[in-house]
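Written out below as structure tokens is the structure these notes cover.
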Amino acid sequence: MSILHRLGFDRCPTPFPTTASERGQSETVGVLMLTGIVIVLALTVGVAMTLNVTSQTETAPQIDLEGSATKDTVTLEHAGGSRLEVADLEVVLRGDSTERYDLASFTQRSGTNTTWFEAGDSWQRDHGLSGDTVEVLLVDTASNTIAGRTTLELTATGPFFEVEITDTNSPVEQGESLEVDVAVENTGIDTGTQDVEFTFDGAVEGTESVTLSPGNTASRTFTYDTSGDPPDTYTIGASTDNRTAEETVIVTEKQANITVTAVEGLSDGTTNDTYQSSVTVTESANIETDGLGVELIVEERDSKATVFQETKTPGEISGESLTVDFDVGQLDANSYNYFTTAAADNAVTDGESGEFVVGEPPFFNVTIDGTNSPVNSGSTVSVDATIENTEGIEGTQTVRLDIDGATEDSQSVTLAGSANQTITLEWTTPNNAHNDSPYTATVSSDDDSDATQITVESGGGSTPPTVTTQDATEIGGSSATLNGELTDTGTANNVDVYFEYREVGVGGAWTSTTPESLSAPGTFSATISGLSSGTNYEFRAVAETNNAGSDTGSTLTFTTADPDPPEFTSIDVTSAGSGNDNDQLTFEYTTTNDATGVTLFAETSRGTELVNDPNALTDTTGTTYTFDAVNMNARDINIEMTVENADGESRTCSGTITTQGGTLTETQMTCVVN
């Protein structure tokens, strides 16, 4: 073991300061300087000098240091020992941080001589330390030694308000409001009332009075308008009578606000199309952009390979919109994503994305399924045909019925790829049509056609009935009422009327309702059931006679209703509290019987999550959630809740609850079917 180690000098952390303003920061205060002397002397004259230094240290002035401390003051008492000159003494306070003061900065509380610190004297001053204890070192700068030390407990006296800046919305643009959240806690032993001051760049900009009992806390939010402050970094502060908290915030330059408001020209199409996109960009802050650029990227969805990329600089805008055109050209059959962005040096980048499909052109294949031939002159010929899109993407074409080359009827048909639809086309024959029978009936699309022969007979002088199809009514999820009208019985005494119906796009045989016999013109109806919900059906009215021919009305369609998803039958939000952060928000709801699950999510406007429960209870009599310790001081609570049934059908309700000082001031909830 070395001599320095035995003397304890190797434990000195730092050299003693050389100026009065730097003194009192080292626990051993100057011993390391002596250590340096020892090292130099040991190298030249040996251990004898080391022993001499040791004896000098032992003869340095020492006192018995006592005292007391509160949360904001410290009192030092000379309880015995050497008489020390006040001008030579510094005090080091160590708590949660370190503070250093000249003893002369203290106020003498007992004693008569302010030049000397001697037995019976006491000196006091304020401090800014927190925590439970403070270590006190009394440094004699004349001898470079610690003349005394003690550890004091920081005791509470009366109310004592600690303050903390808990949150800000910094950085903010010049002209925006700076929001500062402040927390205050009474760590003292008495109830008290103090003003909480908010300062911006040294100036007091807001004051609020707070009353707290011991151990309680309160939150306050200060709002400051930065319109008059140029972009820079600023110091903000929050202070009570006992403490001050500071933090830096940033005010940034006003930025332009650019938004991609429209992207056109990139929708589903075919390989025959030429794609030209237009991107509309809007600046809404009335600040001219700096270096505006607009970019469009098109990529294959699966491989992510870029097939088009271009950036254009169309010039600057302020408070207006401009449109940038891109010539993408023709594309191969594939699924694509597109991304468009608008950026400027003084604005946040904005963009839009989407997807589209390029396919081969559609091909509408035509197949005639059947007709009601033969018919009598003056009656209606019905031709059933199935139209199928055998390849390519969705398309729309007009399908025509030609009789001996003359178009008598047509329908517009829209089909997705590989989809089909059965349609009925009609021709009302003239009274002498039998003279030119038979006829060639041709059903054609833009791509294909099919033909069949139609026979028209004289009917032996008889006249067929006429019937019309009317809209379906009372449409439910599994049933509907079909309606028609027998407009003329022709030469028949009795006419059997009924309906034929089937699912759209399926083709094949029709399902017939039970015939009803009519002896005079009039309306008729039939209710059908066993239908599938959310499904398209087609139907037509039919009139038949034994010897005067028949007639078929036009084909109409209807769609059965989707089943109703479950719903919240009631939603009620209440609040209670004093306006501080220990407030309470109560949320109560009920659901319909078919509900099997509820997801509930709530958070504050600052993003503080209150609840996130994917398995909330369902209850037709009422379920209650209560949130405690919610800061209701001008805070918004965003709530989103979804109710679902066993089939996966759901309804989502969302809204914003606005509160002010613990009082619910506004509730808005909107529910939509998913």
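Laboratory data are not the source of any read-out in this text; all were calculated from the coordinates shown. If you're wondering where the values come from, they're calculated on a predicted model, not measured in any experiment. Ideal geometry is used to build each Cβ from the backbone, glycine not excepted, and the neighbour counts take in all protein chains shown.
In terms of other Cβ atoms within 10 Å, Met641, Met669 run from fewest to most in the order Met669, Met641. Computed from the C-beta positions of Thr73 and Glu173 and an R0 of 45 Å, the FRET efficiency is 0.55 to the nearest 0.05. A full extension of the chain between Gln584 and Ser105 corresponds to an added length of 167.5 nm, given 0.36 nm per residue minus the alpha carbon distance.
Simple rule: put +1 on each Lys or Arg Cβ and -1 on each Asp or Glu Cβ in the chain, find the dipole, and look at Thr141, Asn420, Thr481; the Cα lying farthest toward the positive end is Thr141. In a fully extended conformation the segment linking Ser418 and Ser519 would gain 31.8 nm over its present Cα-Cα distance, using 0.36 nm per residue. The simple Förster model, with R0 at 56 Å and r as the Cβ-Cβ distance, assigns Thr428 and Ser335 a FRET efficiency of 0.75.
Is region 364-559 rounded, prolate or oblate when judged by the Cα gyration tensor, a ≥ b ≥ c being the square roots of its eigenvalues, rounded requiring a/c under 1.5 and prolate requiring a/b larger than b/c? It is oblate, given that a/c is not under 1.5 and a/b is not larger than b/c. Between the Cα long axis of helix 47-58 and the first principal axis of the chain there is an angle of about 80°, rounded to the nearest 10. Here the simple spin-label model places points 7 Å from the Cα toward Cβ, and for Glu85 and Asn286 these points are separated by 7.1 nm. Within the chain, DSSP assigns beta bridges of which about 95% are antiparallel (rounded to the nearest 5).
Here the relative contact order of the chain, from alpha carbon pairs under 8 Å that lie six or more residues apart, stands at 6 percent.
The distance between label points at Asp564 and Asp471 comes to 2.2 nm (points 7 Å beyond Cα on the Cα→Cβ vector). Entry note, region 364-559: relative contact order of 22 percent, from Cα contacts under 8 Å with a spacing of 6+ residues. Do the sum for the chain: with -39,500 (n - 2.57) for every DSSP H run of n ≥ 4, divided by all residues, what is the mean residue ellipticity at 222 nm, to the nearest 500 deg cm²/dmol? Value at 222 nm, helices only, nearest 500: -1500 deg cm²/dmol.
Exposed loop positions in the chain were taken to be GluC sites (Glu not before Pro) whose DSSP state is not H, G, I, E or B and which have at most 12 other beta-carbon atoms within 10 angstrom. Between these positions, the longest stretch is 1-252.
Would you mind classifying region 476-617 by shape? Square roots of the alpha carbon gyration tensor eigenvalues, ordered a ≥ b ≥ c; an a/c under 1.5 is rounded, otherwise it is prolate if a/b is larger than b/c and oblate if not. Cα axes put region 476-617 in the prolate bin.
Kindly express, to the nearest 10 degrees and within the range 0 to 90, the angle between helix 31-44's C-alpha long axis and the longest C-alpha principal axis of the chain. Once rounded, the angle reads 60 degrees.
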